[in-house]
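Report on the following structure.
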Amino acid sequence: MSRLNLITGALLGLNAALVGVVFEPTITRHFNLELATKEVELPPVLNADGTIAKPKRSVINDLDRAENEARRVQYRKGSQNLMYISLSMIAMGLISANHRQSRLPAIGGAASFSLAAIIIGVCPIVAGICDMPIVAIFDPIGALAFAAGWICVVVAILRNGPPEASPK
């Protein structure tokens, strides 16, 4: 089970790196293109004599800018959460690597961290990209799963007992 935790943690870390570093410029471009489609052209403002006081210009509503920034923050939050969860899975695998007594906590930790990865890692990324903020309502459940995973880490540490002194 510890090998599975290590592999899963490494794969989640790879996904977090790809989502957070490699794909972020593409996603930012996607968000900026969507924001550009919401651009509205204002007609020129004329003086009383017919001369142009302000030329025509394009503006983007502040609400649209704020929504775009909220989606970008949500995307980043999801990629950061994936990284935290991957480190947690790796910690679980390292702790339970050589101990048979920590098999059950390792299984519970893997299940909890996997559920947390889906809910607080993947869902915010999807919500940010697809403009579906309703997906984020499951974040508290994912946070509870993340906490349960860390409880399993603590139980695994306690079951392993104190470290043995190395022979000299």
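The values are calculated or read from the model by the stated rules, or taken from the named source; none is laboratory data. No experiment lies behind these values; they were computed from the predicted model shown. Glycine also receives a Cβ, built like all others from the backbone with ideal geometry; neighbour counts cover every protein chain displayed.
Tabulated data
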quantity: In the range 5-22, the residues that are β-branched (Val, Ile, Thr), within 21 Å of residue 128 (Cβ to Cβ) and surrounded by fewer than 18 Cβ atoms within 10 Å (Cβ to Cβ); calculated: 21, 22
quantity: Residue match in the range 53-71 (condition: touching a Gly at 6+ places or on another chain (Cβ under 7 Å), surrounded by 13 or more Cβ atoms within 10 Å (Cβ to Cβ) and under 18 Å from residue 132 (Cβ atoms)); calculated: yes
quantity: Whichever residue in the range 97-118 is modelled with pLDDT of 80 or more and over 29 Å from residue 22 (Cα atoms) and, among such residues, is surrounded by the most Cβ atoms within 10 Å (Cβ to Cβ); calculated: 105
quantity: In the range 61-93, the residues that are farther than 24 Å from residue 149 by Cβ and among the β-branched types (Val, Ile, Thr); calculated: 73
quantity: Given (1) in contact with a Gly (Cβ under 6 Å, 6 or more places away or on another chain); (2) among the small types (Gly, Ala, Ser); (3) loosely packed, with under 10 Cβ neighbours inside 10 Å, index of the condition residue 48 fails; calculated: (1)
quantity: The range 126-147, subset closer than 15 Å to residue 67 by Cβ and under 13 Å from the mean Cα position of the chain (by Cα), residue surrounded by the fewest Cβ atoms within 10 Å (Cβ to Cβ); calculated: 129
quantity: Residue within the range 86-96 that is among the small types (Gly, Ala, Ser), surrounded by 12 or more Cβ atoms within 10 Å (Cβ to Cβ) and over 30 Å from residue 156 (Cα atoms) present; calculated: no
quantity: Per-region count, the range 23-39, residues surrounded by 10 or more Cβ atoms within 10 Å (Cβ to Cβ) and either under 15 Å from residue 128 (Cβ atoms) or at pLDDT below 85 (or both); calculated: 10
